[in-house]
Every structure is written in C-alpha cells, then in structure tokens.
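One structure is given here, and the rest of the page talks about it.
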Amino acid sequence: MSLLESVIMGVIQGITEFLPVSSSGHLALFHNITGDPVDNLLFDIALHVATLIPVCIILRKEIWAILRKPVQKTTGLLIVGTIPAVIAALLFKDKVEALFGDVRFLMIGFAVTGLLLLYADCVKKRHLTKGIKDMTYIDALVIGAVQAVAIAPSVSRSGSTTAASLFRKVSRKEAAAFVFLLSIPAILGAAALEVKDLLTGAITVTPSDGLNMAFGFVAAALAGYLSIALVFKLIQKARLRYFSFYLFALAAFICVDTFILKGIVFGG
C-alpha cells in the first residue's frame, strides 16, 4: 500500500465514519478495487480511532460532564448500549472479518442501511419526546443491539443506531449526541481487540506500515472533523434520505458488477 492510498483511505474513513453510509463498507470496496488483501484490519482500526478525535472535540461538553461525574445515568446507558456490540465482536469476530471480502454481502448491507435511513426521515417530530436523560435502559439495549449488527461491513453504525434511537422516540438532536457518544466505547473496544492480536504476534507492523498508518490517521481525523457537523444538521433536519438514494445506487451498481459484469470493478 502506498502513502497516497493510505491518505485516500483515511479521507474515505473520516468522511464515511460520520455520514450514514458505512465507512467499513467503503473501505472494503476500496480494498476490492485496488486488489489489496482485506486482512489489514489494524490499519482500518487505526483510521477508526482517528475519527474519535473530532467526536471528542464536538462533544467535549458531554464527555467532560461524564468524566466529572462518571456515576450517572448517561454512563449506565452507554454501558448497556455497548454490551451487545462487545458480545457480538467476541463471538463473531472471525466471521465478520470474512465478510469484508464478500461484495455480495456489501451490496445487501448498503441496501438495508438505505432502508433504515428512509425510515429515520419518516418518523414525525411529534413522536420524538425523549432526551438522553429520559431514555430507559431498554432504549439503550435496543440501540446497542442494532449497533451490534452494524459491526458487519456496509451496515452503517451511525445510520442504523440513529434509526433505532428515533424508533425509541429519542429526539433527533439527542439521538445524534447519544449515537456519537456510543461510538467511543465501540471503536475503542474494536481497537483493543486488534492491539491484543498485535501483542500476541498475530499481527506484525513494519516501519512502512507505521508510516502508512500515520498518514492515514491524520487524513481520517481531518476529514472526520469536516463531516461530523454536517451529519448533526442532517439528522436534526431529517435529511438522511439523500444518503439512502446513494446507497441504493451503490448497491445496484455492485449487483450489476457482480452478476452481469462478473466482478470487473469490485473483483467479484
């Protein structure tokens, strides 16, 4: 992988991590287009961690409130919401990694995410009566269960958990805040699993790999900061359907490439 490819992947990660179009799915497509193996998940996790920087900047007040008073309801909601993803990652890690190379699954995941975004825009404002403080632990568990499904590539974590939050009647503004707060332990947990593999020798990093990760990390952090504010506005204004149209078109293109063109673009 060249430095240019690393930067491109960083930009893709930074933008798509917050836009509800699945960063992991787009990274998997990039791997398929370039022909690179899809087993360098340590690099992908490094890009995910980079996108935590803009989250911490944008939600610094909420994060600081939790750090000052860790024993509070919001902390409990985040813990409950994180548990399903932890269980899914521990039980199905190998199976999920195998899906990164299956463009047919990517096609299905993009289409499902598109449907969830259409649903999110259809929820009427008058039904959204809860703030984070009004959420129940059942709400957090439902949202967390959806996030667990979104560990699969091409199922957008932000898009699916936003739809789940609205389904549980959380207001759009509060849903956006909770969704991105919930991303912090999810991304850190995924990084911890990869660090464990690194320490046990299952993954090795060369100096060239380290340089690629550094460039990709910076690109992902900068691109993520530029996109996160846009997503907050789109969630509050119920404009996520524009991304659903893009995802439907992408799924259709993958379908044509896979079954008619026989993998000319995405490698089959």
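Report the residue count in the stretch 240-268 for those that are more than 16 Å from Gly101 (Cα to Cα), touching a Ser or Thr at 6+ places or on another chain (Cβ under 9 Å) and in a loop (DSSP other than H, G, I, E, B).
1
Give me the residue from the stretch 32-57 that is part of a helix (DSSP H, G or I) and among the polar types (S, T, N, Q) and, out of that set, modelled with the lowest pLDDT.
Restricting to residues being part of a helix (DSSP H, G or I) and among the polar types (S, T, N, Q), the top hit is Thr34.
For residues in the stretch 201-226 being over 25 Å from Phe18 (Cα atoms) and hydrophobic (A, V, I, L, M, F, W, C), which is modelled with the highest pLDDT?
Restricting to residues being over 25 Å from Phe18 (Cα atoms) and hydrophobic (A, V, I, L, M, F, W, C), the top hit is Val205.
Only residues that are over 13 Å from Asn212 (Cα atoms) and either among the aromatic types (Phe, Trp, Tyr) or not in a helix (DSSP H, G or I) (or both): list them for the stretch 1-31, please.
Hits for the stretch 1-31 are Phe18, Leu19, Pro20, Val21, Ser22, Phe30.
I'm told Thr75 meets every condition in (1) free of Cβ contacts under 8 Å to residues at least 24 places away in the same chain; (2) assigned to a loop (DSSP other than H, G, I, E, B) except one. Can you identify the failing condition by its number?
Here Thr75 meets the rest and fails (2).
Is there any pair with a first residue in the stretch 214-229 that is surrounded by fewer than 17 Cβ atoms within 10 Å (Cβ to Cβ) and aromatic (Phe, Trp, Tyr) and a second that is modelled with pLDDT under 90 and outside any helix (DSSP H, G or I) whose Cβ atoms are under 6 Å apart and which are 6 or more apart or on different chains, and what are they?
Partner pairs satisfying both residue conditions: none exist.
Check Ala148, Ala186, Ala190, Ala164 and return the single one that is modelled with pLDDT of 95 or more and within 30 Å of Ala251 (Cα to Cα).
Answer to the selection: Ala164.
Can you tell me which residues in the stretch 206-239 are closer than 26 Å to Asp102 by Cβ and among the hydrophobic types (A, V, I, L, M, F, W, C)?
Of everything in the stretch 206-239, those that are closer than 26 Å to Asp102 by Cβ and among the hydrophobic types (A, V, I, L, M, F, W, C) turn out to be Met213, Ala220.
Checking Ser154 against (1) part of a helix (DSSP H, G or I); (2) modelled with pLDDT under 95: exactly one of these is not met. Which one?
(1)
The values are calculated or read from the model by the stated rules, or taken from the named source; none is laboratory data. Only a predicted model underlies this, so the values are computations on that prediction, with no experimental measurement involved. Heads up, the Cβs are rebuilt from the backbone with ideal geometry, glycines too, and the neighbour counts pull from every protein chain shown.
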